[in-house]
Amino acid sequence: MPHPNNCLRYWDLADHIRIDDAVALWCGVEPAELASLNFETQCMSAKRAALVAALRAERLEYEDLGIITARGQVFKGAPIDELLEKGRLVIDKVSLRRWFEQLPFEDRPAFLFDEARQPVLPDGSDVVETNSVKTIAIMAHLLAASAGKYRAGERPNAGVIGEAVNDLAKQFFGDDVRGYASFHKKVGLALKAFSKELPDQFLKS
């Protein structure tokens, strides 16, 4: 069984959490381990009661996971006690962190407050990929503006930039630099995709 602290980086990726999981992590116990041992301490009971009270008083935001009806639709909106009883309630972690910050005593559970571990959350959307291409184009413009050898007229020279990247990659990482050799193609595609957008932005800056 992994140590609970080793699993926190995965809990960081979730934006909601079940109340029983929150109580276990609050006590420094991995939820799966707690379920297998089938025990609960007085402190765990008190912490769960505190979270339930905060949910009932609407001091914590939560989401109803819903239930699938016979027609295949998702029904939501049951009373909070029913959601708790049937395990259909998940707490918003941002709201939970704010709640902890307002407690009258110091209690900062690691699963919410270990700042050194907080990740840059991945995003598989097209927006992120588009912004990555934009970033390459912007970097090419910045490089061309800083040194004339990286320009072809008034525009960045994708071929020269790609060669420079490939040469420097070899210095850093050795001859196995697969992916860098064709970097000039990525630069060229990025510049082409945003040729109408970026020049005006740079002229105004």
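Below is a table of values for the structure above.
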quantity	calculated
Within region 141-162, tally of residues that are modelled with pLDDT of 75 or more, assigned to a helix (DSSP H, G or I) and under 16 Å from ALA190 (Cα atoms)	7
Residue count, region 97-110 (criterion: in contact with a Phe, Trp or Tyr (Cβ under 6 Å, 6 or more places away or on another chain) and assigned to a helix (DSSP H, G or I))	0
When residues of region 148-163 are limited to those that are within 37 Å of the chain's Cα centre (by Cα) and of a type outside the set (A, V, I, L, M, F, W, C), the one surrounded by the most Cβ atoms within 10 Å (Cβ to Cβ)	PRO156
Set ALA54, ALA50: member being more than 27 Å from the chain's Cα centre (by Cα) and under 21 Å from ARG108 (Cβ atoms)	ALA50
Check on LEU34, modelled with pLDDT of 90 or more and surrounded by 16 or more Cβ atoms within 10 Å (Cβ to Cβ)	no
Selection count where residues are surrounded by fewer than 10 Cβ atoms within 10 Å (Cβ to Cβ) and of a type outside the set (Ser, Thr, Tyr), scope region 50-72	6
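For (1) without any contact (Cβ under 8 Å) to a residue 24 or more places away in the chain; (2) in a loop (DSSP other than H, G, I, E, B), each residue gets a yes or a no:
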{"residue": "CYS43", "(1), (2)": "yes, no"}
{"residue": "ALA46", "(1), (2)": "yes, no"}
{"residue": "ALA49", "(1), (2)": "yes, no"}
{"residue": "ALA54", "(1), (2)": "no, no"}
{"residue": "GLU58", "(1), (2)": "yes, yes"}
{"residue": "GLU63", "(1), (2)": "no, no"}
{"residue": "GLY77", "(1), (2)": "yes, yes"}
{"residue": "GLU82", "(1), (2)": "yes, no"}
{"residue": "SER95", "(1), (2)": "no, no"}
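The values are calculated or read from the model by the stated rules, or taken from the named source; none is laboratory data. Keep in mind that this is a model prediction, so the values were computed, not measured. A quick note on method: Cβ atoms are made from the backbone with ideal geometry, for glycine too, and the neighbour counts reach across all protein chains shown.
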